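Below is one structure; the comments refer to it alone.
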Amino acid sequence: MLEHYYIQFNSDIYALANLQEWFQQFQNLLPKQTWMQCNLVLVEVFTNVVSYAHEGMPEETPIDIEIAIDKTGYFLEMKIWDFGEPFNLQAEIERATMESQKNKNFESIDDIPTGGRGLMIANTIADELRYDVMPDGRNCFVMTKNFAKLV
């Protein structure tokens, strides 16, 4: 059975606390590790939308978020829409991976390059990752994560 949940936030980094509060409702619907991983991706992608995709846009620029959870197929699908310039998701993940490999001998956490780190995290966690350009001019980040049946 597929259940859909939807929310919209302004493009404001301070909305992150409210987004986290909203995402709490899924804690009992998912295995703990899956919930934590999806929460991390949600925070990373939301932060990227605010900081990069919507940079220079009015704070009122909406970010739409939809979560679909299938309790019989055991997967979560997360969609996050933005109004930024489209980009090539796979190329960005590859660029960030190469950049991190160049800098893997860092001495402190401050030396880790920040650009693309969120996409690398999402790519590691997701079972499927897409970035679609929509006919209405928005972009949609889509992540699918499979999970084990709750006991």
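So here's what we get for this one:
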| quantity | calculated |
| --- | --- |
| Whole-number D in µm² s⁻¹ for the chain, Kirkwood Cα-pair radius fed into Stokes-Einstein, 4 °C, 1.567 mPa s | 80 |
| Net lengthening on full extension, Ile13/Ala148 (0.36 nm per residue, minus Cα-Cα) | 45.4 nm |
| Linear extension gain, Arg117 paired with Val43, 0.36 nm per residue minus alpha-carbon span | 25.4 nm |
| Region 63-105 - Rg and Dmax from Cα coordinates, angstrom | 15.8, 44 |
| Heavy-atom SASA rank of Lys145, Lys71, Lys79 (probe 1.4 Å, accessible area, largest first) | Lys71, Lys79, Lys145 |
| 10 Å Cβ shell holding at most 14 others, DSSP loop, GluC sites (Glu not before Pro): longest site-free stretch of the chain | 1-54 |
| Sites Phe87 and Gln20, calculated FRET efficiency, Cβ-Cβ separation with R0 22 Å, nearest 0.05 | 0.30 |
| Average accessible area per residue (Å²) across region 1-107 - probe 1.4 Å, nucleic acids and ligands excluded | 58 |
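The values are calculated or read from the model by the stated rules, or taken from the named source; none is laboratory data. Note that the coordinates shown come from a computational prediction; the quantities given were computed from them, not determined experimentally. Every residue, glycine among them, receives a Cβ derived from its backbone with ideal geometry; neighbour counts consider all protein chains shown. Ligands, DNA and RNA are stripped out before the accessible areas are found, and what is left, the full protein with its side chains, is counted by its heavy atoms. Shrake-Rupley method; radii C 1.70, N 1.55, O 1.52, S 1.80 Å.
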